[in-house]
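Okay, so here's the structure we're looking at.
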Amino acid sequence: MSIKDKRDNSIRKILDAAMEIFASVGFAGARMDEIARLASVNKAMIYYRIGNKKTLYAEVIHDIFGGIAEMISEKIKSQQTPEEKLRIYLKNILSINKVHPYLPRFMLWELASGGENFPEIAAQDLAQVIALLMKIIKEGVEKGVFMNINPFIPHMMAVGAMVFCRASEPIREKYQTIHQDLSDLEHHSPGDEAAIIEELIIKALKQPEP
């Protein structure tokens, strides 16, 4: 039985605290003592209920990405066209940041390390997500709607855009002190940004009009 199957409130608190710490200082800088303090649990409980830091790190990532492919697959069953299915896919991928606000910084740390600590279970989760997108794009290609493209590219267009939008907020908040005219760029809400990214990706994948 996986940790996700036997989760309770204590596990939830540990995973949330671990995400915040990993996002703040990365895997190498994270300390189990600090995670235990933030989760208001004994450090021994983390080792007993989850495992060491590497196991905890893997569970934090799996907690975010595990089951996403199944969830999206269920949601697109009622959709008739490849474009409608792609929109459902993008909306769900782009909404992950709302549920996990520390995800952008977390992902930047992981990218900076070259995926040194990226666990196998997370790679399996990602593979399922990309396989689903590949299926959607393949259907679109067969129906003459989408260009034939590596599904990893539009996936990373979505994830990368939202990660950098969220992670760059502290820098963009300084725009007004640099140049007053740039303050007009900051009127979009996170929902607006997700909608814009979705439209751009849809347009990029569509076959050009004859």
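One table, with the values for the structure above:
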item: Identity of the residue in the stretch 103-124, crowded, with 18+ Cβ neighbours inside 10 Å and of a type outside the set (A, V, I, L, M, F, W, C), that ends up nearest to A194 (Cα to Cα); result: P104
item: Residue under evaluation E70, criteria (1) in a helix (DSSP H, G or I); (2) over 30 Å from Q207 (Cα atoms); (3) among the acidic types (D, E), criterion not met; result: (2)
item: Criterion (in the same structural domain as K138 (by TED's automatic domain parsing) and either crowded, with 16+ Cβ neighbours inside 10 Å or touching a helix residue (DSSP H, G or I) at 6+ places or on another chain (Cβ under 6 Å) (or both)) met by exactly one of E70, E83, E20; result: E83
item: I21 under 19 Å from the mean Cα position of the chain (by Cα) and touching a residue at least 60 places away in the same chain (Cβ under 8 Å); result: no
item: Test set (1) over 17 Å from E70 (Cβ atoms); (2) assigned to a helix (DSSP H, G or I) - A131 fails condition number; result: (1)
item: Considering residues of the stretch 33-62 that are surrounded by 14 or more Cβ atoms within 10 Å (Cβ to Cβ) and touching a residue at least 60 places away in the same chain (Cβ under 8 Å) only, the residue farthest from N117 (Cα to Cα); result: H62
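The values are calculated or read from the model by the stated rules, or taken from the named source; none is laboratory data. Computed from a prediction, not measured in an experiment: that's the story for all the values here. FYI the Cβ positions are ideal-geometry reconstructions off the backbone, even for glycines, and counts take in every protein chain you see.
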